[in-house]
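Below you'll find the structure, written out as C-alpha cells, and then a few comments.
Values in this text are rule-based calculations from the coordinates and carry no lab data. Just so it is clear, the structure is predicted and the values come from calculations on it, not from any experiment. When we count neighbours, we look across all protein chains shown, and the Cβ atoms used for this are built from the backbone with ideal geometry, even at glycine.
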Amino acid sequence: MSRSLSNASLAVIVSLLALSTSVRGQAQQNPKTPESDDVVRVYSDLVQTDVMVFDKQGRFVNGLKREDFELKIDGKARPVEFFERIVAGSSNEQAQLSAARGNAGDVKGPNAVRAIPLDRGRAIFFFVDDLHMSAGNLLRMRKLMLGFIDHDIGQNDMAAITSASGTIGFLQQLSDNKAVLRAAVGRLSARSSSFSDSQRPPMTEYQSLLIDRQDKDVTDFFVDALMREVPGLQRDMAEEQIKSRASQIRQLSAGNTTNTLSGLESLVRTSSKLPGRKLVFFISDGFFLDENNSDTVYRLRKITSAAARSGVVIYSLDARGLVASLGDISAGIPFDPTGRLERGSSGELMASQDAMNALAKDTGGRAVFNTNALDIGLNNALKESSTYYLLAWRPDHEAAAGDKFRRIAVSLVGHPELAVRVRRGFFDRELPTVDKQAKNKPQPAKTATRTESEESEALLRDSFTEVYPTTDIPVAVYLSFLDVPAKGAMLTVSIQVNLDSLAFKNEGGKIKGEVDLRGSVFNSNGKAGATFADRLTVNAPSLEELQRANKELAYNYQVYLPDGLFQVRVGVRDPTSGKIGTAYSWIEVPKIAGQKLVMSSVIIGQRAPGQADPLSSIQGTVAGATFRVDGRFQRNSVLRFIVHIYNAALATDSKPDVAVQVQILRDGEPVVTTPSKKISTEGMERFERLPYGGDLSLEGLAPGRYVLRVSIVDRFAKTSASQQVKFEIE
C-alpha cells in the first residue's frame, strides 16, 4: 500500500524516524561475540592458505576432498590439519576462516548459520599504476572501471579505486557508494613519462638495463654511435660515457618503480584489517625490474608474503592490451642496419610484464596479458576467485625462528589434468616497512596535561585518520538529507551504539555507563567542516534490567550543506574501558534548486503487522514505525518508507504527472515489485516538493541483506530519478 502524504503528516513522520534522540529497547537477536584471544593463539599454531583448482575449460572444480591435496613447504610434505570449501563474500566465510584457526563454533550442526551467497559481499580493489601508464591507456582503463561500477559490482560488495601516485586523494577509500567510486575514477590522470634523455640516438629504459647487464649488441651500438659523433674519442672512454648515460636513465625510473611497489604493499598490508578474501586488480603498462641496482625483487617477495597474511589475491591487467612492439615512434627509432638493437630488444615486452606476472602468480591470482578484451578478463577473475579451498597446516616452529622466505607447493593426487593455483610463499614473520625518515622527524613538544574529556576527544579525533573503521564498539551511522524551504539541504547524521559493548559501573546502587561521541563532516577533498562532540550517559537500576531490555543508544546531529559529495566519520569511546568504535559513511547531496528532477534520501522504519496504518493519521504515525539506524528489521514485519520529490514539471493541467515504482532487491534481483502508480496531488496547493510514502510487507522474505529502491518518472518532462537504501532482515 502506498500513498502521498500531506506536508504536516510528513514532518511528524520524519521527526519520529530521523530526528529524535533517545534510548530504545529492541528484542535481543544475536549473542555476544566471544573474545578473539583463542583465535589469535591458535592462529600462531596453524598457517592457512587458499587454493583454487580449475579444469581444462577454466571452470572451478568442486567436490574435492582433503586427501586429494598434497602440500609441501620448502619441498617437505606437511599434513593438512584443516580443509574447507569457501565461497568468498558469503555470510559464514569469516566463521570458516576462524575454524581454520581453531575457533570453529557451530558451522555444520543443526544450529549452523547457513551461507547466503554473496550476502556479506566482497572487498575489491583497483590499484592503477598511473606512474607507468600512457594517457590513451588510462582513458581505456577509466572506461573499464566505470563499467564495473555501473554493472558488475555486487549489492553487498565494497570497492576502492587507488593509484600509485596517490592523486585520487581522499576518495581513495573502500566504499559501496557508486558516486564515490565514479568520482575517484574521474581523478585519475596520466603521470607516466618515458625515462630517456635528450641525447641522440635515443636510449630507452630497457636498453639502459641491457647495457648494465653487459649486453654486447646494445652497448656496442651506442658506443659506435657516440664515437661517430665525437671523432677521436677513445673507445673505453665512449663506453664509460654510455654506461653513465644508462645509469642516469635507470635512476630516473627507479623512483617510480619504488613508489608503485610501495603503494601496492601498503594497500595489501592495510587490507589485513578486513575480513575474508580480498581481490586486487593491479593495472599497469608494465615496468622493469633493475635487479642489479635496486631491491625490487625483495619488495615483490614482501608483497607476496603480506598478501598471504592479509588474504589478498592479485590479478594483473596489462593496460596496453594486445601489442606487438613497445617501440615509441614519436620518440624516434635509431637507424640500425646491423639489427643489433632489434635483437637486444626482443625480450622487452616480456621483461616489462615480469613483475606483474610474478605478483599475480605468487599470490594465487592470474595475469591478463596481450588481449584487448580486458573487461572479459576482469569478469572472469571475479567469477573464478569467488570460490576456493582453504588448507591449514602446522608450521615447523624451530625453523620458523628466522626471516626465511618459505615456498608453498600444492598438487593434486591422481589428477594431472587439473590446474592448481596457490600462493607461492611467505616470510616466517612479518617484515614491516621501516620509515627511515620517521626516525629523524622532530617529536612534538609535550603539552599541558589534558582533562579526561579532552584526552578522549583527542583519541577520537586521531581515530579518524585510520584507513578502516575500528570495531571494538559496534557503531552504526545513517545519513539522510531533506530540503528545507529557504534554508537548503539539511543533513541528518543518525548514530546508533550497542550498549552491551560498554563498561558499566555501580554508583549509588545504580549502574552507569558513559560514552564520548565525536563526528566530523568532510568534503570530497578530505577537508573537515562541521564537527560535533558530546558525552552521553546511560543509567539503569541494574545490569540485569539493562540486559533484558538490550537497549541501544541513538543520537542525531543536523547540519545544512551545499550540493556535493560528503563523508561523515563518527567515533565513540568508552572512557571506562578505553575501547573505541568508528564508522564512515558517504552521501551525495544533489543540487536541488533548478529544473532537474531529484529526490531526497529514503527514510525507512519498521512496524509490527496488525498495527494501525501509520500513514492514515498523525496519531497513527506516532504509534507506528520504529526507525533503526543500522537498518535491521524483524522478519515478517512491515517496512515503511518516506521520500521527497523535487522539481517535478507541471503538465498541461498545471499539476505534476509523476509515477512511482518501488522494488525490494536481493543480489541485484527484484523480490518485490509494486505496480507503477501516479502520485496523487489531491489537496495540495504547491508542487515544488512532493512527499510520498508507503508500506511494504516483509512477510515471507528470508533473513539477509536487501535494497529498497524507489524510482520515479516525470511523464510530462520525460525524466526519471531514483534513490535506494540498504536494510537487513534478521
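The table below lists the values:
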item: P(r) histogram, all alpha-carbon pairs of the range 449-589 included - 10 Å bins from 0, percent; result: 11, 39, 31, 15, 4, 0
item: log₁₀ of I(q)/I(0) at q = 0.11, 0.26 Å⁻¹ - the range 130-197, Debye sum with one point per alpha carbon; result: -0.27, -1.16
item: Vicinal HN-Hα couplings computed from phi for the range 144-159 (Karplus, 6.51 cos²θ - 1.76 cosθ + 1.60; Hz; Gly/Pro x); result: 4, 5, 5, x, 5, 4, 6, 10, 10, 5, x, 4, 10, 6, 10, 9
item: Order of Phe69, Phe532 under a 10 Å beta carbon neighbour criterion, fewest first; result: Phe532, Phe69
item: Reachable aspartates and glutamates, given that their alpha-carbon falls under 12 Å from the alpha-carbon of Lys596 and they are not under 8 places away in the same chain; result: Glu688, Asp714
item: Which listed pairs, of Lys143/Lys677; Lys278/Lys591; Lys76/Lys361, have C-alpha distances above 25 Å, in listed order; result: Lys143/Lys677; Lys278/Lys591
item: Relative packing of peptides 127-139, 691-703 - highest average C-beta neighbours within 10 Å first; result: 127-139, 691-703
item: Nearest-20 debye value, the range 449-589 charge dipole, Cβ charges on Lys, Arg, Asp, Glu; result: 120 debye
item: Two-site label geometry, Glu688 and Asn380: point separation in nm, points 7 Å out along Cα→Cβ; result: 5.6 nm
item: Total lysine pairs whose alpha carbons fall under 28 Å of each other in the range 449-589 (8 or more apart, or interchain); result: 9
